[in-house]
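Values quoted throughout were computed directly from the atomic coordinates according to the rules given, and no laboratory measurement underlies them. Just so we're clear, the structure is a prediction, and the values are computed from it rather than from any experiment. Neighbour counts run over all protein chains shown; Cβ positions are idealised from the backbone, glycine included.
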Amino acid sequence: MFEVVTKFEDQIAKFFGAPYAIAFDSCTHGIEVCLRYTNVNKINVPKRTYLSIPFLANKIGIELEWRDENWQDYYYLTNNIIDAAVLWKKDSYIPNTFMGLSFQFQKHLSLGRGGIILTDNKEAAIQIKKMSYDGRLPNIPWRDQNIDTIGYHYYMTPETAQKGLDKLQEAIQTPPRQWVVNDWPDLTQMNIFKNR
């Protein structure tokens with residue numbers, strides 16, 4: 001049943017030039033799992049981005065530091081975790097990183113919801129996949145596995161992956177929108193983030 005998810009992951013990895021891709025129900029959840037996997041204690045977030053990213057600091061109990069940055073296509077949250085939610089460019093994977101892509105309805109490959117983490121670390125890819133699937137590996141009944149990893153129930157459904165496969169070629173052939181930093185408000189001016 002989940003073979004279609006693997007096929008979608010493989011196609012996205014191939015397009016971006018990454019050895020591995022792990023599909024999630026959202027880009028934010030993918031980034032959250034990478035933060036948990038790498039056991040960071042702080043994220044450095046641009047003032048202008050989507051608000052779910054700084055919320056992660058509170059959610060997982062780490063420090064949030066704001067910065068002014070006129071970023072384009074992607075930005076670093078840590079030295080190796082990148083929010084690339086709006087990036088759509090062939091062979092753009094950056095080695096030795098975890099890059100989060102989004103398939104939310106406004107994104108170039110619009111699936112309504114979903115995301116992928118790109119990496120070149122095979123061991124990390126296996127562990128992050130398990131973390132996305134309730135601590136288990138896909139395509140093996142969980143009752144037949146000795147679960148050794150905390151999981152978060154953040155996996156991409158086969159239906160979303162199939163939609164991605166159905167729309168992928170059109171997305172590859174269509175020029176993407178170029179997002180600019182002012183597409184997002186200054187989050188530090190919102191009450192929820194003041195004094196953070």
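A few remarks follow.
- The residue among TYR50, GLN162, PRO138 whose Cα reaches farthest toward the positive pole of the charge dipole of the chain, with charges on the beta-carbon of Lys, Arg, Asp and Glu, is TYR50.
- The chain, dipole about Cα centre (Lys/Arg Cβ +1, Asp/Glu Cβ -1), debye to the nearest 20: 220 debye
- Loop trypsin sites (Lys or Arg not before Pro), the stretch 53-157 (other Cβ atoms within 10 Å of the site Cβ: 13 or fewer; DSSP): LYS90
- Residues GLU123, GLU32, GLU69, sorted so that the one with the fewest Cβ neighbours within 10 Å comes first: GLU123, GLU69, GLU32
- Normalised contact order of the stretch 3-193, rounded percent, pairs of Cα under 8 Å and 6 or more residues apart: 28 percent
- Result for the chain in a Gaussian network model with C-alpha springs under 10 Å: among VAL45, VAL181, VAL86, the largest mean-square fluctuation is at VAL181.
- Over the chain: Rg over Rh, Cα atoms, Kirkwood Rh: 0.96
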